[in-house]
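Heads up, the thing below is written out as structure tokens.
Values quoted throughout were computed directly from the atomic coordinates according to the rules given, and no laboratory measurement underlies them. Small disclaimer: the values here were computed from a predicted structure and weren't measured. Reconstructed Cβ throughout: ideal geometry from the backbone, glycine too, with neighbour counts over all protein chains shown.
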Amino acid sequence: MAWIIGTALFAATSTAYARPDTRSMTCEETQRLIQSHHSAVLTTGRNTYDRYVGQYGNECDWPEVPVAASVPTRDGQCRVYWCREPVFDFPN
């Protein structure tokens, strides 16, 4: 009986922490989710995930800025933004 309760608790906990998977959403749904929450941790592959943010806003910690990225969605590749340190290319 105790193992049934333990299994049920494990299943409920696993579901509660499940990340949205971009591969099961359209690009529009993915972008809308990010915009509505200002940022979101999304699964992008079998063993990959990352935090994505809106293009404009202050969801990135200094000195990072929103940088364009591409994630797989149900209807193809989708342009989103994630936080990365800016790369400056100074002339010699």
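Using the Cβ atoms and a cut-off under 11 Å, what net charge is assigned to the surroundings of Glu28, where Lys and Arg are +1 and Asp and Glu are -1? Can you show the working numbers first?
On the way: positive: Arg32, Arg74; negative: Glu29, Asp75.
My count for the surroundings of Glu28 gives 0.
So how strong a dipole does segment 20-84 carry about its Cα centre when Lys and Arg Cβ are +1 and Asp and Glu Cβ are -1, to the nearest 20 debye? Spell out each step's value before the answer.
Numbers: 7 positive and 8 negative charges, 36 e Å.
For this selection, approximately 180 debye.
If each residue of separation counts as 0.36 nm, what is the full-extension length gain between Ser36 and Asn58 once their alpha-carbon separation is subtracted? Write down the numbers at each step before the final one.
Values: separation 22, 0.36 × 22 = 7.92 nm, distance 1.42 nm.
The Ser36-Asn58 span can extend by a further 6.5 nm.
Please find the FRET efficiency linking Arg19 to Phe88, where r is the Cβ-Cβ separation and R0 is fixed at 41 Å, and quote it to the nearest 0.05.
Working: r = 33 Å, r/R0 = 0.79.
Efficiency computed from Cβ-Cβ geometry: 0.80.
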